There are 2 protein chains.
Amino acid sequence: MLTQEGRVALSDIADLNQLKFELNRIPAVDVGDYIAELLPERRAIAFRLLKKDHAIDVFEYLPPEVQEELINSLHNAHVCQIVGSMRPDDRAELFDELPAGVVKRLVQQLNAEERRATATILGYPEGTAGRVMTTEYVRLREGLTVGEALHKIRLSDEDKETIYYAYVTDDNRKLLKVVSLRQLLFTFPDVLVGDIASDRVVRVRTDTPQEEVAQLMKRYDLIAAPVVDREDRLVGIVTIDDVVDILEEEATEDIQKLAGVSGGDEAAWSPPLVTLRKRLPWLLINIGLYIAAASAIAPFQHVISSVTVLAVIMPILANSSGNVGFQVLSVTVRGLGVGEITPQDTLAILRKEILAALGTAIALALSLGTLSLIWSPPHQRWVSSIAGLVMAINVLIAATLGTLLPMGLKRLNLDPALISGPLLTTSLDTIGFLTFLTLISSALKFFNG
Amino acid sequence: MLTQEGRVALSDIADLNQLKFELNRIPAVDVGDYIAELLPERRAIAFRLLKKDHAIDVFEYLPPEVQEELINSLHNAHVCQIVGSMRPDDRAELFDELPAGVVKRLVQQLNAEERRATATILGYPEGTAGRVMTTEYVRLREGLTVGEALHKIRLSDEDKETIYYAYVTDDNRKLLKVVSLRQLLFTFPDVLVGDIASDRVVRVRTDTPQEEVAQLMKRYDLIAAPVVDREDRLVGIVTIDDVVDILEEEATEDIQKLAGVSGGDEAAWSPPLVTLRKRLPWLLINIGLYIAAASAIAPFQHVISSVTVLAVIMPILANSSGNVGFQVLSVTVRGLGVGEITPQDTLAILRKEILAALGTAIALALSLGTLSLIWSPPHQRWVSSIAGLVMAINVLIAATLGTLLPMGLKRLNLDPALISGPLLTTSLDTIGFLTFLTLISSALKFFNG
């Protein structure tokens, strides 16, 4: 594979001229990795070997701390050139990461046009189309011919991802039509753009959440989608490379939130303190919830001491219904995340989950019942039927909560993954223990009374 | 948004001519949804209203069962035309889903070229580049001029996703260089393609796993990647729309496997029996594992009956360390999944996780210790120090296993998500209970002896 070849070759190079040649030959993302892995004092040297255009690309792939270090160690003019030539959305992302002082210094050196583009993007809240869009796109008038349009695209010298569609607007930048580069290329030069462009334009608003943008572009197989403001004026486009990142980010968020990692944005390389800050809250909340559960169990301590097999059965009961709940929750949250289901489907999905849970309930109730039968002393065999019954009930409750809770959150326009797995399983534990101990306690009274 | 407009409009249409006009105007994916939601007897009628090209696109978006139904209800010639005009990768996907008898009938009606393309794709194992690639791409010779190349691309009339790159090969189809449509468009027509094409071509092999293809294309921001055979001959390309699907599929797989859903490929709309078959195995395996855990606890029943506060403490101990393990497991599995970390990073990640776990261990040990102190009867206050100690130990074990197990599986080239959350938490429960009960039992002997 290319990457590995590139890396092996670079580490073997002693000659600066040859390194320069190689660094300018291999893809920017690989050069970025190479520079990031160098000792800090060598980074600026390696970076200065890059040609201007390549340097800009490489800079975008460097981790924020290396970007900041380079900004401080390179000449002002050089930095200015690089930051000024970045795509507006990438520049906005960089400014987001850098300390305010550095950003201020950089902004002062941008020209008016660059400053405006960056400010526009930074003006939209994180996680919206406005924030991930780029303000570089091809805009055409309806009256242009295809030949003139292609000429305009050639002159524009836009970034590679932004020329596959061109957007037709009126004089007030109101978005009217879309035409693909492929259509332009396949049409005679003297045809009018307005005649071949389509007026059915899939568009998003600046405040559309980024995951909706990604799902929409996925649905329509788009390489770019136009972003409009409240007056339907074109202000930017979101490109497919951003969609790929958004989809991965959203999936990671779902996974981590389900596992009880706050925010769902922990990087595998986060420092231990960041990791601790993201993970501890849910663990402590959970222990807090368990105090409630424990207070519920505490009055039954005498029951446990007279039916000690409960100490064996209760963890299985808790663990199994917790697992069922987690399975249902994961499938539902993910289904909502990829747009496979919506809150409108709540009843249909609930029906399906309950039907599946009936099978699960029977299988698990029989398993736990049989085990309890084997483990109970002869005079307490009746415990097994209660164990089986409670197992079955708890599985059905697990399936119901695992479906209704995320669906309900989504309907309220909240994040369905707010219900983390730990929260659900702890609740199920409490419900299960309480039902079980209450029933056992009543049975004991019945047999002894 | 377009979709909703389209749907609302369609349901209001009584006139067949107007329906025909509308159906041919709105995007194929929306027409697909519309037809899928119709009553079976109306589907063929609606489908016949579509123009040929649009019909092919719409057909690809229909669910497999509707595709099969249409194949059976439409005229043979019509079906033949549609299936023959599908992109080879989409046709292969369709054949995968249809009953063998129907496939046989369809294959007989394809021409030699179409049959060959489909057979090629179906010859590669599921989940590899060979299986997701399309055999439609633009291939150029080095000696061509840019003008000739653009002319060839215009004539090729390829699908929209497949013309953004053209590949330069020698006479044996060996892949030499790549050139983007943008480069061709921005260069004077009489320049030779060989002079502007790049010889650094990021390529994948037919047997490259699909998730690696997706990660590679994401890394290099590619809209298409060439697929070569063992002799480095170009056989197809993977396009960005497939990458988006692959990334979502892989993320869903990780989430579901972590939650203990076998295969990780359950659709939210799977029928209850499929759901049951995917979810029950892990639940039963888990109860099986718990038999081991319970057999370990059973001999300690006398300990529990004399220290009944254990019935309150043990679920918290199990639940909390299980949650810690699940958090670590999720972050590690996802980190491996998106290529953020590799098994080479095992030691560094383990070090980070242990450091974070030390903080967690202290916090949870103090919480559980304090709670135990409050709940224990005065003569059993010593239980709280053991509870805190075991909590701390178990958190450290959880962090270690949560890191090492997926890393180890990945190093063995197995799926890191093979270790489902339930498997890990059950193991942690067993370890925790055993340590706890052994220590408590020894302490009891010490105090009483």
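Ignoring the sites themselves, what is the longest stretch of chain B with no GluC sites (Glu not before Pro) in a DSSP loop and at most 12 other beta-carbon atoms within 10 Å?
Excluding the exposed sites themselves, the longest stretch runs over B:232-449.
If we hang a label 7 Å off Cα along the beta carbon direction at residue A:174, how far is it from the matching labels on the other copies, in nm, shortest first?
Taking the point 7 Å beyond Cα along Cα→Cβ, the inter-copy spacings are 6.0 nm.
In segment B:319-344, which residues become less accessible by 30 Å² or more once every protein chain is in place, relative to the chain on its own, using a 1.4 Å probe?
Those residues are B:319, B:323, B:326, B:327, B:330, B:331, B:334, B:340.
Tell me, what is the Rg over Rh of segment B:259-448, with Rh the Kirkwood radius over Cα pairs?
My calculation of the ratio gives 1.04.
Considering only DSSP beta bridges whose two residues both sit in the protein assembly as shown, what percent are antiparallel, to the nearest 5?
75
Is there a simple number for the mean count of other chain Cβ atoms within 10 Å of the Cβ of residues in A:195-203, and what is it?
Shielding by partners across A:195-203 averages 2.
Running a GNM on chain B with Cα contacts under 10 Å, which residue among B:267, B:361, B:318 ends up with the highest mean-square fluctuation?
Evaluated over chain B, the most mobile residue of the options is B:267.
At the nearest 100 Å², what buried accessible area, both sides summed, do you get for A and B when the probe is 1.4 Å?
The A and B chains share an interface burying roughly 10400 Å².
Which order do A:238, B:132 take when ranked by solvent-accessible area (1.4 Å probe, heavy atoms of all protein chains), largest first?
Putting A:238, B:132 in descending order of accessible area: B:132, A:238.
Using every alpha carbon pair in segment B:141-287, what percent of pairs falls into each 10 Å bin from 0 up to the bin containing the largest distance?
Using 10 Å bins, I get a P(r) of 10, 30, 25, 15, 11, 7, 1, 0 for segment B:141-287.
Quick one: with label points 7 Å out along Cα→Cβ, list the inter-copy distances for residue B:97 in nm, shortest first?
Residue B:97 label point versus its equivalents elsewhere: 4.0 nm.
Using a simple charge model, +1 on the beta-carbon of Lys and Arg, -1 on the beta-carbon of Asp and Glu, nothing else, what dipole does segment B:138-239 show about its Cα centre, in debye to the nearest 20?
The calculation lands at about 120 debye.
Grab the alpha carbons of segment B:52-102, take their convex hull, and tell me the volume per residue in Å³.
71
Specify the inter-centroid distance of segment A:391-439 and segment B:199-272, based on alpha-carbon positions, in whole Å.
34
Which of B:90, B:429, B:33 moves most in a GNM of chain B, Cα contacts under 10 Å?
B:33
Which loop-located trypsin sites (Lys or Arg not before Pro) does segment A:362-442 contain, where loop means any DSSP state but H, G, I, E or B and the Cβ has at most 14 other Cβ atoms within 10 Å?
A:381
Suppose a student asked you for the relative contact order of segment B:132-239, using Cα pairs under 8 Å spaced at least 6 residues apart; what percent would you report?
It rounds to 33 percent for segment B:132-239.
Rolling a 1.4 angstrom probe over the protein chains, ignoring ligands and nucleic acids, what is the accessible area of residue B:96 in square angstrom, nearest 10?
My reading of the accessible area for residue B:96 is about 80 Å².
Could you give the angle, 0 to 90 degrees to the nearest 10, between helix B:52-61's Cα long axis and the longest principal axis of the Cα atoms of chain B?
Here the helix axis deviates by roughly 10 degrees.
What nm distances, shortest first, do you get from the label point of residue B:269 to those in the other copies when the point sits 7 angstrom along Cα to Cβ?
4.1
In peptide B:96-109, how many Cβ atoms from other protein chains are near each Cβ within 10 Å, on average?
For this peptide, the per-residue mean of nearby foreign Cβ atoms is 0.
Which residues does the label zone of residue A:207 cover in segment A:379-414, counting backbone N under 11 Å from a point 7 Å along Cα→Cβ?
Of the residues in segment A:379-414, none has backbone N under 11 Å from the label point off residue A:207.
Could you give each residue of segment A:255-267 its phi-based ³J(HN,Hα) in whole Hz, using Karplus coefficients 6.51, -1.76, 1.60 with θ = phi - 60°, and x for Gly or Pro?
In residue order, the calculated couplings are 4, 5, 5, 4, 7, x, 9, 4, x, x, 10, 6, 7 Hz.
Choose one answer from B:289, B:175, B:396: the residue with the largest mean-square fluctuation in a GNM of chain B with alpha-carbon springs under 10 Å.
B:289
Tilt of helix B:310-337 relative to the longest C-alpha principal axis of chain B, in degrees (0 to 90, nearest 10)?
Helix B:310-337 sits roughly 30 degrees off the main axis of chain B.
What Kirkwood hydrodynamic radius, in Å, does chain B give when the mean of 1/r is taken over all pairs of distinct Cα atoms and then inverted?
About 26.7 Å for chain B.
Using the Kirkwood radius over C-alpha pairs as Rh, can you work out the diffusion coefficient of segment B:15-77 via Stokes-Einstein at 25 °C, viscosity 0.890 mPa s, in µm² per second?
213
Could you work out, residue by residue across A:257-264, how many beta carbons of other chains sit within 10 Å of that residue's beta carbon, and then give the average as an integer?
Mean number of neighbouring Cβ atoms from other chains: 4.
Report, in whole Å, the centroid distance computed from the Cα atoms of segment B:97-126 and segment B:343-379.
Using only Cα atoms, the two centres lie 57 Å from each other.
Please work out, to two decimal places, the log10 of the ratio I(q)/I(0) at q = 0.07, 0.08, 0.09 Å⁻¹ from a Debye calculation in which every Cα of the protein assembly as shown carries one identical scatterer.
-0.66, -0.84, -1.02
For helix B:28-37, report the angle its Cα long axis makes with the longest principal axis of the Cα atoms of chain B; keep it between 0 and 90° and round to the nearest 10°.
Helix B:28-37 sits at roughly 70 degrees to that axis.
With every protein chain left in place and a probe of 1.4 Å, what is the accessible surface of residue A:244, to the nearest 10 Å²?
Ignoring ligands and nucleic acids, residue A:244 comes out at about 10 Å².
With contacts defined as alpha carbon pairs under 8 Å and 6 or more residues apart, what's the relative contact order of chain B in percent?
Relative contact order of chain B: 11 percent.
Set the Förster distance to 51 Å, then compute FRET efficiency between residue B:39 and residue B:233 from the Cβ-Cβ distance, nearest 0.05.
0.55
Please report, to one decimal in angstroms, the Kirkwood hydrodynamic radius of segment B:2-123 built from all distinct Cα-Cα pairs.
The Cα-based Kirkwood calculation yields 14.9 Å.
The values are calculated or read from the model by the stated rules, or taken from the named source; none is laboratory data. Fair warning: this is a prediction, and the values are worked out from it, not measured in the lab. Counting neighbours? That spans all protein chains shown, and the Cβs are built from the backbone with ideal geometry, glycine included. Accessible surface areas use protein heavy atoms only, side chains included; no ligands, DNA or RNA. Shrake-Rupley method; radii C 1.70, N 1.55, O 1.52, S 1.80 Å.
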